[in-house]
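A short write-up of the structure that comes next.
The values are calculated or read from the model by the stated rules, or taken from the named source; none is laboratory data. This is a predicted model, so every value here is computed, not measured. All Cβ positions, glycine included, derive from the backbone under ideal geometry; neighbour counts span all protein chains shown. Keep in mind that these areas ignore ligands, DNA and RNA; they rest on the heavy atoms of the full protein, side chains included. Shrake-Rupley method; radii C 1.70, N 1.55, O 1.52, S 1.80 Å.
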Amino acid sequence: MKLIWKSVCICLMIAGLLWIGTLVADRVFLNDQVIRLHVVANSDSPEDQSIKLQVRDAVNDFLQETLADVTSVEEARAYLAENLPKIQRIANEALVRCGVEPDAVVTFCKETFGTRLYDTFRLPAGVYEALRITIGEGEGKNWWCVAFPTLCVPATSEGFEDVAAGAGFPDRLNEALGDQESYSIRFFLLDCMGRVENFFHRG
């Protein structure tokens, strides 16, 4: 009997370690394979917040068109890095159409993000690569979504799964991000790991 219980405990420990391993792998995957779009307004005034959304729309329309067929984060990363001046020009042209001085600055960097719930999926907190657009002083409320894979346009849950699967997301991660109740613990732990990342990144 002792031998049986010992064998059961060993099997449970191995299963637990394997599960933890997949959790860590999913966290690393998110950090490496997701690129956020982050637009920061000049201020919190109603006018500046409205301008922020117009800049967002202009840049997002461009990204949706150019990144729609991109299937690897390496390709997306290289394209964004190469086209930063063009994206900045698009942002500033949107500002000119709003009748304000063209003073948007576009950078490609790593940033901390909190937990974010979208219409059809959710993303845990953590440090992600981001295409950041700072308008003017950059002291206003910000807006963000996912530039790659292209998830900035609201879609059905099936649409999210298709895009994520096309970008190589593991099925277990799709289920966790897609707000499946049976994967709530997995999402919670991914989110906790991301919060720890944020703490050390800010420090």
Checklist entry - Within the bounds of segment 180-202, is there any residue that is among the hydrophobic types (A, V, I, L, M, F, W, C) and in a loop (DSSP other than H, G, I, E, B)? => result no
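Tell me, please, whether a residue that is surrounded by fewer than 21 Cβ atoms within 10 Å (Cβ to Cβ), among the aromatic types (Phe, Trp, Tyr) and within 20 Å of residue 61 (Cβ to Cβ) can be found in segment 185-193.
To start, the set of residues in segment 185-193 that are surrounded by fewer than 21 Cβ atoms within 10 Å (Cβ to Cβ) comprises 185-186, 188-189, 191-193.
Right, trim to among the aromatic types (Phe, Trp, Tyr) and you get 188.
Filter once more, so that each one left must be within 20 Å of residue 61 (Cβ to Cβ): none.
For segment 185-193, residues surrounded by fewer than 21 Cβ atoms within 10 Å (Cβ to Cβ), among the aromatic types (Phe, Trp, Tyr) and within 20 Å of residue 61 (Cβ to Cβ): absent.
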Item to check | Residues satisfying the stated conditions in segment 162-174, i.e. surrounded by 17 or more Cβ atoms within 10 Å (Cβ to Cβ) and assigned to a helix (DSSP H, G or I) | outcome: 163, 164, 173, 174
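Could you grab me the full set of residues in segment 30-59 that are part of a loop (DSSP other than H, G, I, E, B) and among the acidic types (Asp, Glu)? Reasoning before the result, please.
Here is the first cut: in segment 30-59, the residues part of a loop (DSSP other than H, G, I, E, B) are 34, 41-45.
Matches in segment 30-59: 44 only.
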Checklist entry - Within segment 66-74, is even one residue outside any loop (DSSP other than H, G, I, E, B), out of contact with any Asp or Glu (no Cβ under 8 Å at 6 or more places or on another chain), under 21 Å from residue 165 (Cα atoms) and of a type in the set (S, T, N, Q)? => result yes
Checklist outcome for this item: Picking from 17, 80, the residue that is without any contact (Cβ under 8 Å) to a residue 24 or more places away in the chain and either surrounded by 14 or more Cβ atoms within 10 Å (Cβ to Cβ) or within 28 Å of residue 197 (Cα to Cα) (or both) would be 17
Next on the checklist: Can you find, within segment 144-169, the residue that is modelled with the lowest pLDDT among those that are of a type in the set (Gly, Ala, Ser) and out of contact with any Lys or Arg (no Cβ under 7 Å at 6 or more places or on another chain)?
Outcome noted: 155
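Without any contact (Cβ under 8 Å) to a residue 60 or more places away in the chain, among the basic types (Lys, Arg) and farther than 25 Å from residue 168 by Cβ, is that true of residue 56? Before you say what the answer is, go through the steps one by one.
Values: without any contact (Cβ under 8 Å) to a residue 60 or more places away in the chain: no; among the basic types (Lys, Arg): yes; farther than 25 Å from residue 168 by Cβ: yes.
When the stated conditions are applied, residue 56 does not pass them.
Restricted to segment 91-136, and to residues that are in a helix (DSSP H, G or I) and either open to solvent by less than 30 Å² (accessible area, probe 1.4 Å) or free of Cβ contacts under 8 Å to residues at least 12 places away in the same chain (or both), which residue is farthest from residue 40 (Cα to Cα)? Quick ask: steps written out before the conclusion?
In the first step, residues of segment 91-136 are kept if they are in a helix (DSSP H, G or I); the result is 91-97.
Those still in the list that are either open to solvent by less than 30 Å² (accessible area, probe 1.4 Å) or free of Cβ contacts under 8 Å to residues at least 12 places away in the same chain (or both) too: 91-92, 94-96.
Numbers: 91: 12, 92: 13, 94: 14, 95: 13, 96: 17 Å.
So, considering only residues that are in a helix (DSSP H, G or I) and either open to solvent by less than 30 Å² (accessible area, probe 1.4 Å) or free of Cβ contacts under 8 Å to residues at least 12 places away in the same chain (or both), the one farthest from residue 40 (Cα to Cα) is 96.
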Item to check | Residue, modelled with the lowest pLDDT, within segment 48-104, restricted to residues that are polar (S, T, N, Q) and within 17 Å of residue 150 (Cβ to Cβ) | outcome: 71
Next on the checklist: Tell me whether segment 130-153 contains one or more residues that are of a type in the set (Asp, Glu) and under 30 Å from residue 48 (Cβ atoms).
Outcome noted: yes
Next on the checklist: Regarding segment 144-159, can at least one residue be identified that is open to solvent by less than 70 Å² (accessible area, probe 1.4 Å) and part of a helix (DSSP H, G or I)?
Outcome noted: yes
